[in-house]
Amino acid sequence: MRKRPPSVSTEDEAALFREAVRDTTPIEPAARIWQRGKSPPPVPVQSLLDGHDAVAESLDGEPPTETGEEPSYLRAGLAHDVLRKLRRGHWVVQEVVDLHGLTRPEARLLLAEFLGACVKRGLRCIRVVHGKGLRSPRREPVLKGKVQQWLLKREEVLAFCEAPKNQGGSGALLVLLKAATR
């Protein structure tokens, strides 16, 4: 805190201020309209659109990936212990992408870009957070099944499984990528 010189009093400062603002005009208060009552709740447009998309996709003949079991995938030709090691944390998660809150097209594009960047950087183990669907229509996951389908189609994906509870549980997947070839 700055100290005042002993020769200047607060009365002198007040007089100086009044002298400085003597010829000014006060600002008129803005004309405001005060809203009475509560505003209506926001319409969850994106959630509604996602719900419509989910219904449309369920009718397009694609097989569902939800079986009630923990989602997992192991590329043909790999030893079964690879999936067991992935579940038990043998590989350290090197990078994470969070997709929840995105639309399906946005999530698909971000996931593809993320996987490409991870492969270029030589990363082996990543986590993909797709969310549990708690804020989705009917509280069903919108991205969970789609992310699994997208990963199944990617050549660089060797295996994936549900993340441990402390890393997202049923709202995330651990993914093992091919090693970079040099």
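The values are calculated or read from the model by the stated rules, or taken from the named source; none is laboratory data. Keep in mind that what you see is a predicted model, and the values were worked out from it rather than measured. Side chains are part of the model used for accessible areas, which takes the heavy atoms of the whole protein and leaves out ligands, DNA and RNA. Shrake-Rupley method; radii C 1.70, N 1.55, O 1.52, S 1.80 Å.
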Taking the stretch 1-50 and keeping residues open to solvent by 80 Å² or more (accessible area, probe 1.4 Å), hydrophobic (A, V, I, L, M, F, W, C), modelled with pLDDT under 75 and part of a loop (DSSP other than H, G, I, E, B) leaves 1, 33, 34, 43
Next on the checklist: Among the residues that make up the stretch 59-74, is at least one of them among the hydrophobic types (A, V, I, L, M, F, W, C), open to solvent by 80 Å² or more (accessible area, probe 1.4 Å) and modelled with pLDDT under 90?
Outcome noted: yes
